[in-house]
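Readers should treat all values here as calculations from the given coordinates under stated rules, not as data from a laboratory. On a predicted model such as this, the values are computed, not experimentally measured, just so you know. Heads up, the Cβs are rebuilt from the backbone with ideal geometry, glycines too, and the neighbour counts pull from every protein chain shown.
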Amino acid sequence: MKMVRGRSRVGIKAAAEVLKRGGVVVFPTETVYGMGADAFNPRAVARIFAIKGRPAENPLIVHISSLSDVKKLAKEVPAAAKKLMRRFWPGPLTIILKKKKGVPSVVTGGLDTVAVRMPSHSVALAFLRAAKTPVAAPSANPSGSVSPVSHRDIMEDFPAKSISVRRRLPDALISAGRTSRGMESTIIDVASPELRILRHGSVTVEDIASALGTAPKVLLRGSCGAKRPLAPGMAKIHYRPRIPLWVFATAAVMKNILLAAKSPAAEPVKTFVIAPVGLEGVFRRGGFMVAAFRDAAALSKRLYSLMRKAARSGASVIAAPLVGGGGISLAVNDRLIRAASKTFR
């Protein structure tokens, strides 16, 4: 896997040439790092699934650098989609549209829709412009595991020295440090008769409702009983770290259960606790490894990096509470619940 610097025009051009030749390129966005291939090259896109071990029915997000690229992908662009594009693009919002026939089925998981996003990361946009084609890209991690928020995470997930995976490595990696958002994009379906949010992210349901002039509850219709994924990130088990994650209904429940488990009668567990500011001292005095967060917005930017830090720390278990309120807390709680090995109410 060739690494190039994201701030290098020569490096960006070289990575774009790799993609044009049918290669798979890892690149940064403002959310997480993506693993991309030319969206109109089915064989190249199929390699992404092989590298990640991703189920074939799980659709990909197509990344673009210009509104004119939407015409290459979508059969039609409803008025609601146009409003959202004007308000949130470039940015962490993915919009599901009816696809054109020319979009390969491997990109859409066999669906008649396509998920499209215009990232705001300057390096991502430079790469997409140099590639001169829409780029299909899920998060650049083994399927179901924690998404990468730095190029070091990529090297950790796909070690070049491992003979067993050498034939299934991306061809190039554009390095650009840490991502700013730290969590995948919000996904909204505008291709169905009723608009609905399929995945929560940093563009909140309140933000979208305001842009569309509707009530937030109208957008919270879930997957409408779909038997297959309508968008990325909808698997019941997803985002899992390399060690078990225990998720608690509240920080108070977490405190009561974990401190009780420190009694002499209980088997000791080396636990990495993700705790709200104000409680971190209680856990430190109890002998736990602790990382504190101020609020849901702050945790959303650090959750994946904390999960990876915990796995490297020697801990046996990660403990974290669900966070209260609306807004981005819905995204944080969604990731925690899907990543949980055990939940405590």
Around Arg196, which amide H atoms from residues at least 5 apart in sequence, or from another chain, sit under 5 Å from its own amide H, with H modelled in the peptide plane? Asp189
In the neighborhood of Ser66, defined by Cβ-to-Cβ distances under 12 Å, what is the net charge if each Lys or Arg adds +1 and each Asp or Glu adds -1? +3
In whole Å, largest first, the alpha carbons of the range 2-181 cover along the principal axes 49, 32, 29
Provide Phe40, Phe127 in ascending order of the number of other Cβ atoms located within 10 Å of each residue's Cβ, fewest first. Phe40, Phe127
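Return the ratio Rg/(2.2 N^0.38 Å) for the chain, where Rg is computed over Cα atoms only. Mind showing how you got there, number by number?
Values: Rg = 20.3 Å, N = 345, 2.2 N^0.38 = 20.3 Å.
My calculation over the Cα atoms of the chain gives 1.00.
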When the dipole is taken about the Cα centre of the range 245-344, and only Lys, Arg (+1) and Asp, Glu (-1) are charged at their Cβ, what size is it in debye, to the nearest 20? 280
Can you pull out the GluC sites (Glu not before Pro) in the range 180-256 that DSSP calls coil and that have at most 16 other Cβ atoms within 10 Å? Glu194
Can you find, among Thr271, Ser313, Ala340, the residue sitting farthest towards the positive end of the charge dipole of the range 245-344, where Lys and Arg contribute +1 and Asp and Glu -1 at Cβ? Ser313
In whole Hz, what ³J(HN,Hα) sequence does the range 144-154 give by Karplus (6.51, -1.76, 1.60; θ = phi - 60°), x for Gly and Pro? x, 9, 5, 5, x, 10, 8, 5, 5, 5, 4
Where is the GNM fluctuation largest for the chain (alpha-carbon springs, 10 angstrom cutoff): Ser122, Ser210, Ser105? Ser210
Mind checking the dipole of the chain: about its Cα centre, +1 per Lys or Arg Cβ, -1 per Asp or Glu Cβ, Debye to the nearest 20? 700
Quick check: Cα centre of the range 40-116 to Cα centre of the range 176-239, how many Å? 15
Set of lysines near Lys98 by C-alpha distance (under 29 Å), chain-local residues within fewer than 8 positions excluded: Lys20, Lys52, Lys71, Lys72, Lys75, Lys82, Lys83, Lys132, Lys217, Lys227, Lys236
For Val269 paired with Arg294, estimate the spin-label separation in nm (one decimal), with each label point 7 Å from Cα along the Cα-to-Cβ line. 3.1
Selected from Leu128, Leu212, Leu60 as most flexible by GNM, with the chain as the system and alpha-carbon contacts under 10 Å: Leu212
Apply the Karplus curve 6.51 cos²θ - 1.76 cosθ + 1.60, θ = phi - 60°, to the phi angles in the range 103-113 and return the couplings in whole Hz, x for Gly and Pro. 7, x, 5, 5, 6, 9, x, x, 7, 8, 10
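Once you list every other residue whose beta carbon is under 14 Å from the beta carbon of Gly177, what net charge do they have if Lys and Arg are +1 and Asp and Glu are -1? Write down the numbers at each step before the final one.
Details: positive: Arg5, Arg7, Arg152, Arg178, Arg181, Lys301; negative: Glu30, Asp153.
Net of charged neighbours comes to +4.
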Per 10 angstrom bin, beginning at 0 and ending with the bin that holds the maximum distance, the Cα pairs of the range 100-226 fall in percents of 10, 32, 36, 19, 4, 0
Farthest positive-ward along the chain dipole, Cα basis, beta-carbon charges - from Pro119, Gly287, Ala50: Ala50
Running a GNM on the chain with Cα contacts under 10 Å, which residue among Ala126, Ala15, Ala136 ends up with the highest mean-square fluctuation? Ala126
Quick query: amide H of Thr94 versus all other amide H atoms, modeled in the peptide plane; which residues come in under 5 Å with a sequence gap of 5 or more or a different chain? Thr186, Ile187, Ile188
Quick check on the chain: helices-only [θ] at 222 nm, where DSSP H runs of length 4 and up contribute -39,500 (n - 2.57) each and the sum goes over total residues. Nearest 500, please. -9000 deg cm²/dmol
